[in-house]
């Protein structure tokens, strides 16, 4: 078994999550085919997210609490990812920090 070391290729902060937003297209496949996963961390409040191509609402979707982390991986999930502020965090100015990991040199 070959272990592949992944490096941070990009970092971004997604702000104003009052409506559902996805990852910036220039940081994920097919634009950057080297990216294979993203680590997401909500800062300033909780979020809800989905990876099935449907936008979450402030009360529907997988809940991710402030300062915790989740890994999103695979072409389909990276492209279908959408996040929004959780209803309890509405108006708090939640920011989603994203580290995009992949192979090769950015």
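The values are calculated or read from the model by the stated rules, or taken from the named source; none is laboratory data. As the structure is a prediction and not an experimental result, all values here were calculated from the model. Glycine also receives a Cβ, built like all others from the backbone with ideal geometry; neighbour counts cover every protein chain displayed.
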Pick from the stretch 91-106 the residues that are within 11 Å of residue 36 (Cα to Cα) and surrounded by 20 or more Cβ atoms within 10 Å (Cβ to Cβ): which of them is nearest to the chain's Cα centre (by Cα)?
100
If you take the residues of the stretch 62-90 that are in a strand (DSSP E or B), farther than 10 Å from residue 46 by Cα and free of Cβ contacts under 8 Å to residues at least 60 places away in the same chain, which of them is farthest from the chain's Cα centre (by Cα)?
62
Within the stretch 49-64, can you find the residues that are surrounded by 13 or more Cβ atoms within 10 Å (Cβ to Cβ) and modelled with pLDDT under 95?
58
The number of residues in the stretch 20-35 that are without any contact (Cβ under 8 Å) to a residue 60 or more places away in the chain and farther than 27 Å from residue 87 by Cβ is 6
